[in-house]
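Starting off with a structure, shown below.
The values are calculated or read from the model by the stated rules, or taken from the named source; none is laboratory data. Source: prediction; values computed, not measured. Every residue, glycine as well, gets a Cβ built from its backbone with ideal geometry; the counts of neighbours run over all protein chains shown.
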Amino acid sequence: MNNKNTKKQNKEIVLAEHPSGVPTTDTFQINDIDMPPSAALEDNEVLIKSIYVSVDPGMRGFMDKGEDDAAGNKYELNQPITSRSVAQIIDSNDNSLFKKGDIVHGRFKWQKYQIVSTDDIEKVDPELAPISTAVSMLGIPGLAAYFGIFKIGQIKQGETVVVSGAAGSVGSMASQIAKITGCKVVGIAGSPEKIDYLENDLGLDKGVNYKQTEDMQAAIKAACPNGVDVFFDNVGGALFDAVFANINRQGRIAICGQIAEYNEDNPPKGPRPMHTLIKKSARMEGFVVYDFSDEFDDAKKQMAEWYNNGQLIYKENLIEGFENIPAAFIGLFEGENIGKQMVKVADINE
């Protein structure tokens, strides 16, 4: 056993109860656990230390009771929660590919230290961008924005694009990609600070504060006098209804998230869209980013190029401390974050 590892303190965060509505601190439990001994490493295993832990709204659905989805993403009671994370290898049994000190990312348990298979990790290239971007701009949020805009939205230069949740991790990327492509972009968000961020930092054509707007349908019409060609939806609910009422003929709607309904036991019934889709020859399509996994590398290279050229910016709402992971997750549903919400657990080579 590695004596250094026995001096480290390990912790985990488990699902303590299935939440009803918005999760609370009672949804989670923090436990002290043993350090995994390096002597226990088998072939193709590494011991990792968590550095950055991602929290995302879509994780809320994995906390409900019920059967696993196709990817086996349901969380079990009293078992560690998992999410996309960046980690550092502190011991390796696979010296050919993954060495001590390497930075990797994957879907890891909410633990400070853990043993993982090398089949479940990917190296992070620090030359592309800061390592934290592996779970933000160059991770699932950025990739969802990239493929949602290009594959589902099929945007063209000069079109009008509306993005809901535009100040969040996915929405801010989708909005900027649409601008880079030469579109007019209107972003929907929920505070004056977020509208300022959209218009002045990201350079969107217009930001609409839904919390200070009585008639969203009219507000979208005013912001998009020529109608909406592409709608990138992260929110759903009443905001979807307002934008959908302004969709153009042959418009495209990319359904990326529905945060307005994640905590609803009985989601409200909205207008049925089928007749309008027929009348407008419009298309609405949901997607998950893994539908395009064969193209991840090319997308990351393009996103990194835009970032290094100054065309694409990203913002992290960084929270410090392993014990604050639950609070960071709960904060997603309080509208706190501008950009990617994540938790810094440790420093590299600590």
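Here are some conditions: (1) surrounded by fewer than 24 Cβ atoms within 10 Å (Cβ to Cβ); (2) farther than 24 Å from PHE147 by Cβ; (3) under 23 Å from the mean Cα position of the chain (by Cα). PRO268 meets all but one. Which one does it not meet?
It is condition (3) that PRO268 fails.
Listed residues ALA328, ALA304; which is within 16 Å of the chain's Cα centre (by Cα) and either in contact (Cβ under 8 Å) with a residue 24 or more places away in the chain or under 29 Å from TYR113 (Cα atoms) (or both)? I'd like the intermediate steps shown before the answer.
Numbers: ALA304 fails: within 16 Å of the chain's Cα centre (by Cα).
None of the other options fit; the residue is ALA328.
Residues ASP229, ASP241: which one is surrounded by 14 or more Cβ atoms within 10 Å (Cβ to Cβ) and outside any strand (DSSP E or B)?
On the way: ASP229 fails: outside any strand (DSSP E or B).
From the options ASP229, ASP241, the qualifying one is ASP241.
Then there's this: Among the residues of the range 1-55, what is the count of those that are among the charged types (D, E, K, R) and either modelled with pLDDT of 90 or more or on the phi > 0 side of the Ramachandran plot (or both)?
From the range 1-55, those among the charged types (D, E, K, R) are 4, 7-8, 11-12, 17, 26, 32, 34, 42-43, 45, 49; that's our starting set.
Pick out the ones that are also either modelled with pLDDT of 90 or more or on the phi > 0 side of the Ramachandran plot (or both) and you get 11-12, 17, 26, 32, 34, 45, 49.
Total meeting the criteria: 8.
Could you list, in sequence order, all residues of the range 76-95 that are in contact (Cβ under 8 Å) with a residue 60 or more places away in the chain, surrounded by fewer than 17 Cβ atoms within 10 Å (Cβ to Cβ) and in a loop (DSSP other than H, G, I, E, B)?
Across the range 76-95, the qualifying residues are GLU76, ASN78, GLN79.
Shifting gears a bit: Here is a list of conditions, (1) closer than 17 Å to GLN311 by Cβ; (2) touching a residue at least 40 places away in the same chain (Cβ under 8 Å), and GLY148 meets all of them except one; can you say which number that is?
Here GLY148 meets the rest and fails (1).
Scan the range 285-310 residue by residue and report those that are of a type in the set (D, E, K, R) and either in contact with a Leu (Cβ under 9 Å, 6 or more places away or on another chain) or more than 29 Å from PHE244 (Cα to Cα) (or both).
Looking only at the range 285-310, we keep the residues that are of a type in the set (D, E, K, R), and these are 285, 291, 294-295, 297-298, 300-301, 305.
ASP294, GLU295, ASP297, ASP298, LYS300, LYS301, GLU305 - these are the residues of the range 285-310 that are of a type in the set (D, E, K, R) and either in contact with a Leu (Cβ under 9 Å, 6 or more places away or on another chain) or more than 29 Å from PHE244 (Cα to Cα) (or both).
Let me ask something else about it. Tally the residues that are of a type in the set (D, E, K, R) and outside any helix (DSSP H, G or I), restricting the search to the range 293-329. Quick ask: steps written out before the conclusion?
Let us first name the residues in the range 293-329 that are of a type in the set (D, E, K, R), namely 294-295, 297-298, 300-301, 305, 315-316, 320, 323.
Going one step further and asking which of them are outside any helix (DSSP H, G or I), we end up with 315-316, 320.
Qualifying residue count for the region: 3.
Next question, about the same structure. Pick from the range 3-56 the residues that are of a type in the set (S, T, N, Q) and assigned to a loop (DSSP other than H, G, I, E, B): which of them is nearest to the chain's Cα centre (by Cα)?
Start the filter on the range 3-56 by keeping residues that are of a type in the set (S, T, N, Q), which leaves 3, 5-6, 9-10, 20, 24-25, 27, 29, 31, 38, 44, 50, 54.
Pick out the ones that are also assigned to a loop (DSSP other than H, G, I, E, B) and you get 9, 20, 24, 44.
Working: GLN9: 29, SER20: 22, THR24: 20, ASN44: 29 Å.
Within the range 3-56, the match that is nearest to the chain's Cα centre (by Cα) is THR24.
Confirm whether ASP125 is acidic (Asp, Glu) and in contact (Cβ under 8 Å) with a residue 60 or more places away in the chain.
Working: acidic (Asp, Glu): yes; in contact (Cβ under 8 Å) with a residue 60 or more places away in the chain: no.
No, not satisfied.
Looking at PHE62, PHE108, PHE98, PHE150 in this structure, which one is assigned by TED's automatic domain parsing to the domain that holds GLY187 and either small (Gly, Ala, Ser) or surrounded by 15 or more Cβ atoms within 10 Å (Cβ to Cβ) (or both)? Full working, then the answer.
Values: PHE62 fails: assigned by TED's automatic domain parsing to the domain that holds GLY187; PHE108 fails: assigned by TED's automatic domain parsing to the domain that holds GLY187; PHE98 fails: assigned by TED's automatic domain parsing to the domain that holds GLY187.
It is PHE150.
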